[in-house]
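Notes follow the structure.
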């Protein structure tokens with residue numbers, strides 16, 4: 001099975017993850033193994049405590065080991081440090097690559 005990581009960049013990130021990708025992962029029908037997700041721009045809000053999608057992602061982190069990371073500059077510009085789920089790391093692209101690059105076959109931007 002191929003292994004992927006997602007960079008969540010699109011303004012449709014909430015819809016794409018919440019209505020398509022996350023349900024498929026939860027139901028074991030995504031057809032690839034997801035090793036990580038990197039959230040940039042306004043998509044960092046998807047990782048906020050209390051957000052239902054964030055809670056689902058936290059559960060996937062615990063159950064399937066999916067690495068979750070928010071862009072550090074995006075978080076700091078929005079004053080969100082401390083507001084994200086505990087499972088989400090804060091860092092930049094090199095941090096994300098270091099965490100997942102040897103674990104994936106593809107990195108996909110959505």
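Tabulated data
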quantity	calculated
Members of region 66-110 that are out of contact with any strand residue (DSSP E or B) (no Cβ under 6 Å at 6 or more places or on another chain), under 26 Å from residue 24 (Cβ atoms) and in a loop (DSSP other than H, G, I, E, B)	85, 86
Number of positions in region 46-65 that are under 17 Å from residue 5 (Cα atoms) and not in a helix (DSSP H, G or I)	1
Test result for residue 58, out of contact with any helix residue (DSSP H, G or I) (no Cβ under 8 Å at 6 or more places or on another chain) and buried (at least 18 other Cβ atoms within 10 Å of the Cβ)	yes
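Here, each number is a calculation from the coordinates, and none is a lab measurement. These figures come from a predicted structure and were not determined experimentally. Note that each Cβ is placed from the backbone with ideal geometry, even for glycine, and that neighbours are counted across all protein chains shown.
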